[in-house]
Amino acid sequence: MNMKEPCYAGYVATRGIAEYPDGHNLGDRARQILGSGVRAGFVPMNANKAYWFVVFNSSGEKLTNVDLVRKEALDYVRLWPTMITEAINRSPPETLSRKRLADRWMWPVGGPPLYQGGVTLAGDAMHPMTPNLGQGGCCALEDAVVLARSLSKVLVTTDPPAAAWATRSQAQEMQEIELALRSYTEERWRRMLPLAIRSNITGAVLQIDNDFVCSVRNMIISSFVTVDRFLDHTNYDCGSLY
């Protein structure tokens, strides 16, 4: 499809799942702690496991050794609350991951076509985005619903399938499918472009590496950014399958 490679956002995320055989005291609330050029967060999964992440500014060099990945994450938060370092140390090696965060904005014009020859894209293949809004997987599910609905308008008829398709030539079939894919991609870019830009800007603000600017940022966030406002992008209905 000749899609460009996603653009590196300038920071890396190390993630893992901490295990607490005797239970943890993290409660049931997700939380995020902001620093200068680094942030960390928790999302309790159940009474004995918690997902965590450490995001830090980086030139993007690769690191695959699990022990070094753990050490690197610990180095960035060594002076932070012990619950963070404890979570990192409690994570089995197989749960650790380290990824360069990147995105590609889904412009409506000026780029390669998002559908061709009856083929289209969905999820990260179409619109990779930084995870700052927590919407990557959600948007992929939205893609599935919108794509199925768009195709159903041309593939599902009230007539028996054999009779319906018998009256169409192969060229007509492909033309109708292409129109459905066009409808799908047009609907999705209207959703995804603003979301990808917002996620990118959010990440840039959260990754500021200047102590004074960070203090101003933290004051503004704590004073004016409510949970409802931060999560308003999740109040989206992509419609039904049919």
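Read-outs: derived from the displayed coordinates by stated rules, not from any lab. This is a predicted model, so every value here is computed, not measured. Don't worry about glycine lacking a Cβ; one is built from the backbone with ideal geometry, like all the others, and counts go over all protein chains shown.
Kyte-Doolittle mean at least -0.5 and Cα extent at least 20 Å along the axis: which DSSP H helices of the chain qualify?
Helix filter hits for the chain: 136-155, 170-206.
Given R0 = 35 Å, the distance between the Cβ atoms of residue 232 and residue 172 translates into a calculated FRET efficiency of 0.25. The peptide list 222-234, 87-99, 125-137, put in order of mean Cβ contacts within 10 Å with the highest first, becomes 125-137, 87-99, 222-234.
Mean separation of Cα pairs under 8 Å and 6 or more residues apart, divided by the residue count, gives region 67-206 a relative contact order of 30 percent.
For region 9-103, relative contact order (Cα pairs under 8 Å, six or more residues apart, normalised by length) works out to 43 percent.
Our helix-only sum for the chain, with -39,500 (n - 2.57) per DSSP H run of n ≥ 4 divided by its residues, gives a mean residue ellipticity at 222 nm of -13500 deg cm²/dmol. The structure shown yields percent of Cα pairs over 26 Å apart, and of the options (i) 38; (ii) 45; (iii) 51 that calculated value carries the label (iii). Our estimate of slack between residue 204 and residue 179, defined as 0.36 nm per intervening residue step minus the Cα-Cα distance, is 5.3 nm.
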